[in-house]
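Take a look at the structure below.
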Amino acid sequence: MTLLGNIVEGAVSLVLGAAGCYLFFWWRDRTTRAVREAETARQQMEADQLLRQSRIVAQEEALKLRQEVEQSLAQRQAGQLETERRQAERESLLNAQLARLVDLEKRLQGQHEALEQRRAALTQREHEIEELSRQRREQLRAVAQLDETAARESFLAQVRLEAERDANHLAQRIVEQAHAGAEAKARDIIALAIQRYAGTSHAEHLTTSIAIGDEVKGRIIGREGRNIRAFEMITGVTVLIDDAPGTVVLSGFDPVRRQIAREAMQRLIADGRIHPSRIEEVVAQVAKEMEETIERLGTEAARDAGVQPLHPELLKLLGRLHFRQSYAQNILVHSVEVAHLTGLLAAELGLDVPTAKRAGLLHDIGKAVSHEMEGPHATVGAEIARRYGESETVVHGVASHHNDVPPIGPYGILVSTADAISASRPGARSESLATYLKRIADLEKLASRFPGVDRSYALQAGRELRVFVQPENVTDEDAFILARSLASQIQNELQYPGQIKVAVIRETRCVEVAK
């Protein structure tokens with residue numbers, strides 16, 4: 001039993017082992033097949049997904065390519081349409097040009113025909129003139145019994161005389177018209193410049209007289225006159241004490257020195273300490289302050305005139321002009337005024353305004369050193385301006401403003417005009433108002449002496465004399481003679497700046513009353 005049992009157990013174990021092996025391999029095969037099928041399914045899914053993605057990308061690429069093709073096609077169509085439009089415009093332009101050419105050809109043809117007709121008419125006219133000339137020559141020969149050569153010379157002389165007479169009349173009329181237009185334009189420009197510049201009509205009056213008391217007079221003189229001698233030697237001016245009671249008069253040709261002496265004398269009198277060393281100290285202090293004042297005045301004048309920059313030495317010379325006067329008109333104020341007027345005149349004429357202003361401001365610069373250098377102040381000022389780097393235009397404007405040098409270009413004339421305007425208008429100079437009124441009266445009185453004068457008026461500050469004559473006693477020819485006679489009489493009898501225009505007016509008024 002034990003062996004059989006062992007055999008049975010072995011058989012059962014063998015069967016079970018075989019069955020287990022079979023089950024194991026069956027399970028492994030099935031598992032492997034399932035894994036393989038899953039892998040295959042996964043790969044199939046991946047392949048399907050890649051295929052779908054590829055199809056999507058291909059569709060997108062196809063759509064993009066289609067859009068690009070459509071866009072390119074649209075651009076080509078737009079370009080083709082633009083080309084067609086340009087061709088149409090070009091054809092239209094060519095058609096228009098062709099139409100204009102045809103029209104121009106027609107007009108030229110018409111003008112050609114008109115010219116041919118005029119040529120034929122002129123030819124016929126020439127033949128008629130030749131025939132008339134021949135007839136006139138024959139008549140001249142018959143009347144004067146001259147040969148053909150003498151008749152021709154007589155005819156030509158007569159024609160030449162008539163032509164010269166017509167040419168003279170035409171030239172005279174042109175000159176009169178040009179003179180009238182230029183004079184009116186110049187008057188307008190000067191009047192506008194004067195109106196645009198509003199300068200003061202008075203000037204600062206400086207004096208060299210100092211009021212003192214009797215107790216101060218002795219101290220000024222000093223022991224044996226040492227104080228007054230020291231003062232005169234240091235300042236370079238002459239001190240006059242006994243000429244007027246209670247007054248010290250300082251006399252000197254240099255206005256700057258005279259002003260320094262005036263200021264120093266006032267300080268010494270106020271201080272009370274008057275002796276040579278104190279005089280020297282005060283005069284030195286005043287002279288130093290005067291140099292600063294002169295430079296400041298020159299700088300302010302250049303700034304007021306709108307002229308920048310200037311050489312420092314020119315500014316100092318300008319400042320010295322503050323202490324010089326011409327007929328009580330301050331020369332520095334006058335120079336600034338001339339600069340403004342010259343600039344305004346230059347602006348009206350379209351010239352360079354800064355150059356004109358520089359020439360106007362510096363036109364009297366020579367007066368600052370005229371007592372130190374020989375020659376007219378205009379030429380001296382021109383040399384100074386050239387020395388300190390001013391342009392030749394400015395130099396020539398300064399030199400020629402009093403006609404010491406013939407003017408070249410307009411700037412000298414402009415400076416001369418502005419100088420006359422500034423100096424001669426009423427109130428600008430102390431003598432101008434009195435002489436202005438006297439000149440007015442003298443002009444009107446002189447005009448009234450001539451026979452046939454009804455009334456006369458002096459206008460424009462005595463620059464123009466307007467005379468009204470009696471038309472029944474003075475003819476037109478007499479009016480011209482009267483104007484020349486008046487101008488000649490004014491030149492011989494009166495003294496005046498610039499020039500005076502004489503206008504003789506003859507008018508006839510016919511008045512009737514309708515009732």
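The values are calculated or read from the model by the stated rules, or taken from the named source; none is laboratory data. Quick caveat: nothing in here was measured; it's all calculated off a predicted structure. Note that each Cβ is placed from the backbone with ideal geometry, even for glycine, and that neighbours are counted across all protein chains shown.
Of everything in the stretch 393-407 that is modelled with pLDDT under 85 and over 22 Å from the mean Cα position of the chain (by Cα), the residue that is nearest to L315 (Cα to Cα) is H402. Taking each residue of the stretch 479-491 that is within 9 Å of V502 (Cα to Cα) and looking for partners that are surrounded by 13 or more Cβ atoms within 10 Å (Cβ to Cβ) and of a type in the set (F, W, Y) with beta-carbon atoms closer than 9 Å, six or more apart or interchain, yields L486/F450. Residues that are closer than 18 Å to R387 by Cβ and either in a helix (DSSP H, G or I) or out of contact with any Gly (no Cβ under 9 Å at 6 or more places or on another chain) (or both) occur at least once in the stretch 285-298. Among the numbered criteria (1) without any contact (Cβ under 8 Å) to a residue 24 or more places away in the chain; (2) in contact with a helix residue (DSSP H, G or I) (Cβ under 9 Å, 6 or more places away or on another chain), which one does E292 miss? So the condition that E292 fails would be (2).
Considering every residue within the stretch 259-280, establish whether at least one is over 22 Å from R387 (Cα atoms) and in contact (Cβ under 8 Å) with a residue 60 or more places away in the chain. Within the stretch 259-280, one or more residues are over 22 Å from R387 (Cα atoms) and in contact (Cβ under 8 Å) with a residue 60 or more places away in the chain.
Just one of the listed residues (E493, E464) is under 37 Å from the mean Cα position of the chain (by Cα) and either under 23 Å from S326 (Cβ atoms) or at pLDDT 80 or above (or both), and it is E464.
Could you say which residue among E280, E390 is assigned by TED's automatic domain parsing to the domain that holds P407, modelled with pLDDT of 85 or more and farther than 30 Å from G218 by Cβ? Matching residue, one of E280, E390: E390. When you look at G306, is it in contact with a Lys or Arg (Cβ under 7 Å, 6 or more places away or on another chain), under 27 Å from P410 (Cα atoms) and surrounded by fewer than 22 Cβ atoms within 10 Å (Cβ to Cβ), yes or no? So G306 passes the test. Condition first: in contact with a Lys or Arg (Cβ under 6 Å, 6 or more places away or on another chain) and touching a residue at least 12 places away in the same chain (Cβ under 8 Å). Can you find one or more residues in the stretch 437-453 that meet it? Looking for residues that are in contact with a Lys or Arg (Cβ under 6 Å, 6 or more places away or on another chain) and touching a residue at least 12 places away in the same chain (Cβ under 8 Å), one finds none in the stretch 437-453, hence no.
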